[in-house]
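S.K.: Here it is, the structure in full.
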Amino acid sequence: MLFTKFLLGMAFAAMLTTGAINAKTQKKEKVAEDVVVPEVTARRQTRNLGPQRMVSADLRWTDEQGIAHPLVGAKVNLHDPDVFSPNYYTDSTGHVEIIYDYYDYDQDLYLKVSAQNDTANIKVQTKQGVLYTYDFQVNIMIDDYIDYTFTTAVEGDFDRALNIYQAAYYYGMYAKQINYGTAMPMCSINWPGSTDEGCYYSYNSITISGKTAASGYPSSWASWDVIGHEYGHHVQRTKGITQNPGGTHYINTNNIDSQYSNGYTLETAKSRGHKLSWAEGWPTFWSTVAQSTFPADIRNISTVGDTRYTTYQGFWYELDTYGALTNGYARGSYGDADEIAIQSILYKLYSPTIDTYDKFAISAQTLFDIVCNDHSYTFTQFIQAMYNLGYDQNNIAKLLGQYRVIPTQINIENNYINFPATFSWSTYMGSSNLRFNSFDFVVLDSNLNQVFRVDNISCSVNTATYTPTESQWNQILALGTNYYVYVISKQTLSYVSGLYASERFEFAQPTEYLTGFDTVMTPSAWGFRQQYYFDGQSAVHTPDEHLTINSTRLRCGYIEQSYVVLSAKHNEAGHAYLSLEFNKPVYFYSFDIALWSDSEGINRNNAELVMQVKDEYGDWREEADFLNDYTLPTKDQGFLNYGVWDDDGIYGIRWLETAPATGTKNKGRIAFNNMLFHTALED
Ligand SMILES: [Zn+2]
């Protein structure tokens, strides 16, 4: 049969040198060509097929750059006004052959080409649901042959629809392959959509925008990256790996922030932002990897087969980068609610390239299986699935840090043998409105065995700190070798997200002693009574031989045998304070502070809690404004630890609270736990 086709092709090639392009013109010429008939007769005798004839075709579509490609997998039927043949499909070279019994059809016989494939479950239709098809008239008297290239210049929207069809066909076939041979459900692709709407996916249906492309960018119907992204949504829905809240999504921002500024509460914005970023990040990754499996002639089409996402909307960005390789906007990374961060991390996990931050080359199939088995619908869930499967959390951390999902540094301060050091790290998680607020702190020995672990350290400020207890510090010292620290960062508003382990950082043992003395004042050590006096009280404290403290206080007592507490909110008060003055400079001070409960009736709008320190000249200066600068935890949530080194030394410290003078109950209560004051030897 190939031989026959070739002969016919030769015959027509000679005949078509006049440059006929239109298919109908070609066919008329074929009918008029006497030479053909004997050949056909001869072949029919060879095939000995009686009344059977063959129509064959070689079909191509043309991309936006004017390059022709074989039309692959497209459905073709023979039909007359009444009878339709079974479905045939063009092969990988765009060829199809249909042998038919000409007694079954009348003289008006057509070869119908449809922008449809039933193996990949793809069809391209207008918004009204009309399938894009094209009819060639077939000469029933002969073995007819059609050799034709569709172009936008001649067939217009049919060729454009074939561009969409061919993209969707390859995405559909890839989806079937990675899904172990089971195709996705039929996906209807509607084009052109509205001229003022973008592309979107909705339950087994994709709409490709009718917008005019930005100058220098592919048309919407030729935006293979966008078509692949939308098809990726189809795969997600089918496999149950999304809880996409829908609506407009944004790139180059944190989606918690974008949802919050759209008017959702922070709780809802967090949930929507996380789900949206995963729902939009994964399909672009999937589509980018899918393209790498496409035939060479397809990968050579402009914007196809690279690792950039390019859209008719007039921008592109690179997935395979840690930096800011974009066109059309300036790119940043915004943590686990940033779709570009997510798709870039997924791409790095997949990419065969290994570098300083990317230690992974996981196959597309394995990554697909992880997501499908886990039914991940947030990035947190996906990373937990990776941990559970045993992927190295330290190597994952190297990658996450590059996209600002987690802190990339743990610092140590006050690293002395006789005084527990303080470790600190950023609570930034890519959002302007939400930060990590709970941490697990883990110390490992030089063999990476766990020495100790402290869970759920809460923090409401930009830098989280942990100071090991004396006994934990002694455990570290007893190692005698370098040791490692990592933290697990969590965000607990409404639900726990994050749970990302940082990279482990190596620390050396301290080599120096801190020379000086620490005076620790527990709440009971002050000797205050359990009473909020309405007039000022004063006392002198000499907890040890190193420091003398003069205290004055108003509405401040030692409450319930637990904490030193200020209470300004009372109808006969409105003010409360605790003021401490020292007989010598204090170079380091730290204290634990918290709200007594979550119903104290004070906030940054109706109250104030400032801390001042007294310098060497006797002047008081403001050091902190707790209601404005911090979200104070309640004592049950865990105290905020506040510690400061001051090289010049301070001579006093005081906390001044103002609150509405309303109510008969003692409210506006601020609780203090232990305080530590460090004085130097020389003084
Ligand atoms: Zn999308």
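The values are calculated or read from the model by the stated rules, or taken from the named source; none is laboratory data. Since the model is a prediction, treat every value here as computed from it, not as a measurement. Virtual Cβ from ideal backbone geometry, glycine too; neighbours counted across all protein chains shown.
S.K.: Quick check on segment 285-294: of everything there that is outside any helix (DSSP H, G or I) and in contact (Cβ under 8 Å) with a residue 60 or more places away in the chain, which residue is farthest from VAL304 (Cα to Cα)? Break it down into steps so the answer makes sense when it comes.
M.R.: Taking segment 285-294 and keeping what is outside any helix (DSSP H, G or I), we get 292-294.
Now drop any that are not in contact (Cβ under 8 Å) with a residue 60 or more places away in the chain, which leaves 293-294.
Values: THR293: 11, PHE294: 9 Å.
So the residue we want is THR293.
S.K.: Now a separate question. What's the number of the condition TRP473 fails, among (1) part of a helix (DSSP H, G or I); (2) crowded, with 18+ Cβ neighbours inside 10 Å; (3) touching a residue at least 60 places away in the same chain (Cβ under 8 Å)?
M.R.: Only one criterion in (1) part of a helix (DSSP H, G or I); (2) crowded, with 18+ Cβ neighbours inside 10 Å; (3) touching a residue at least 60 places away in the same chain (Cβ under 8 Å) is unmet by TRP473, namely (3).
S.K.: Could you name every one of the strands (runs of 3 or more DSSP E) located completely within segment 111-155 that has at least 3 residues being in contact (Cβ under 8 Å) with a residue 12 or more places away in the chain and in contact with an Asp or Glu (Cβ under 8 Å, 6 or more places away or on another chain)? Quick ask: steps written out before the conclusion?
M.R.: Numbers: elements: 122-125, 133-138, 144-149.
Qualifying strands (runs of 3 or more DSSP E): 133-138, 144-149.
S.K.: Hey, can you tell me all the residues within segment 91-107 that are out of contact with any Leu (no Cβ under 6 Å at 6 or more places or on another chain) and β-branched (Val, Ile, Thr)?
M.R.: In the first step, residues of segment 91-107 are kept if they are out of contact with any Leu (no Cβ under 6 Å at 6 or more places or on another chain); the result is 91-93, 95-97, 99, 101-107.
Within segment 91-107, THR93, VAL96, ILE99 meet the criteria.
S.K.: Given (1) under 19 Å from the mean Cα position of the chain (by Cα); (2) within 16 Å of the ligand (Cβ to nearest atom); (3) not in a helix (DSSP H, G or I), identify the lone condition not met by GLY323.
M.R.: Every condition holds for GLY323 apart from (2).
S.K.: Separate question: Based on this model, can you work out whether ASN411 counts as in contact with a Lys or Arg (Cβ under 6 Å, 6 or more places away or on another chain) and either at pLDDT 95 or above or not assigned by TED's automatic domain parsing to the domain that holds VAL442 (or both)?
M.R.: Details: in contact with a Lys or Arg (Cβ under 6 Å, 6 or more places away or on another chain): no; either at pLDDT 95 or above or not assigned by TED's automatic domain parsing to the domain that holds VAL442 (or both): yes.
Considered against the rule, which asks whether it is in contact with a Lys or Arg (Cβ under 6 Å, 6 or more places away or on another chain) and either at pLDDT 95 or above or not assigned by TED's automatic domain parsing to the domain that holds VAL442 (or both), ASN411 comes out as no.
S.K.: May I pose another question? Given the residues ASN606, ASN583, ASN571, which is the only one that is in contact with a Pro (Cβ under 7 Å, 6 or more places away or on another chain) and assigned by TED's automatic domain parsing to the domain that holds ASP646?
M.R.: Numbers: ASN583 fails: in contact with a Pro (Cβ under 7 Å, 6 or more places away or on another chain); ASN571 fails: in contact with a Pro (Cβ under 7 Å, 6 or more places away or on another chain).
That would be ASN606, the only listed residue that is in contact with a Pro (Cβ under 7 Å, 6 or more places away or on another chain) and assigned by TED's automatic domain parsing to the domain that holds ASP646.
S.K.: Need the failing condition index for ILE251 against (1) surrounded by fewer than 19 Cβ atoms within 10 Å (Cβ to Cβ); (2) farther than 30 Å from ALA183 by Cβ; (3) within 11 Å of the ligand (Cβ to nearest atom), just the number.
M.R.: Only one criterion is unmet by ILE251, namely (1).
S.K.: Now a separate question. How many residues are more than 12 Å from the ligand (Cβ to nearest atom), touching a residue at least 12 places away in the same chain (Cβ under 8 Å) and among the aromatic types (Phe, Trp, Tyr) if we restrict to segment 256-284?
M.R.: Qualifying residue count, segment 256-284: 1.
S.K.: So which of LEU578, LEU609 ends up being in contact with a Cys (Cβ under 6 Å, 6 or more places away or on another chain) and in a strand (DSSP E or B)?
M.R.: Step by step, each of LEU578, LEU609 is checked, and only LEU578 is in contact with a Cys (Cβ under 6 Å, 6 or more places away or on another chain) and in a strand (DSSP E or B).
S.K.: Quickly run through segment 180-237 and pick out the residues that are of a type in the set (Phe, Trp, Tyr), within 12 Å of the ligand (Cβ to nearest atom) and not assigned by TED's automatic domain parsing to the domain that holds ILE340.
M.R.: Residues satisfying the conditions are TYR200, TYR201.
S.K.: Confirm whether ASP455 is part of a strand (DSSP E or B) and free of Cβ contacts under 8 Å to residues at least 24 places away in the same chain.
M.R.: On the way: part of a strand (DSSP E or B): yes; free of Cβ contacts under 8 Å to residues at least 24 places away in the same chain: yes.
So ASP455 passes the test.
S.K.: I need a count of the residues in segment 238-248 that are more than 15 Å from the ligand (Cβ to nearest atom) and either under 17 Å from TYR312 (Cα atoms) or in contact with a His (Cβ under 7 Å, 6 or more places away or on another chain) (or both).
M.R.: 1
S.K.: Take the conditions free of Cβ contacts under 8 Å to residues at least 60 places away in the same chain and surrounded by fewer than 16 Cβ atoms within 10 Å (Cβ to Cβ) and apply them to ASP625. Does it pass?
M.R.: Values: free of Cβ contacts under 8 Å to residues at least 60 places away in the same chain: yes; surrounded by fewer than 16 Cβ atoms within 10 Å (Cβ to Cβ): yes.
Yes: the conditions hold for ASP625.
S.K.: Cβ-Cβ below 9 Å, separation at least six or inter-chain, first residue in segment 226-255 and on the phi > 0 side of the Ramachandran plot, second of a type in the set (Lys, Arg) and more than 10 Å from the ligand (Cβ to nearest atom): which pairs?
M.R.: GLY247/ARG272; ASN252/ARG331
S.K.: Now for a different question. Confirm whether TYR309 is assigned to a loop (DSSP other than H, G, I, E, B) and within 16 Å of the ligand (Cβ to nearest atom).
M.R.: Considered against the rule, which asks whether it is assigned to a loop (DSSP other than H, G, I, E, B) and within 16 Å of the ligand (Cβ to nearest atom), TYR309 comes out as no.
S.K.: I would also like to ask the following. Any chance you could count how many residues in segment 436-449 are closer than 18 Å to GLN491 by Cα and crowded, with 20+ Cβ neighbours inside 10 Å? Explain how you work it out, then say what you get.
M.R.: Residues of segment 436-449 closer than 18 Å to GLN491 by Cα: 436-442.
From what's left, crowded, with 20+ Cβ neighbours inside 10 Å: 436-439, 441.
Within segment 436-449, residues that are closer than 18 Å to GLN491 by Cα and crowded, with 20+ Cβ neighbours inside 10 Å number 5.
S.K.: Something else about it: Any idea which of SER438, SER446, SER432 is touching a residue at least 40 places away in the same chain (Cβ under 8 Å), of a type in the set (S, T, N, Q) and over 21 Å from ASP625 (Cβ atoms)? Spell out the reasoning first.
M.R.: Values: SER446 fails: touching a residue at least 40 places away in the same chain (Cβ under 8 Å); SER432 fails: over 21 Å from ASP625 (Cβ atoms).
After ruling out the rest, the residue left standing is SER438.
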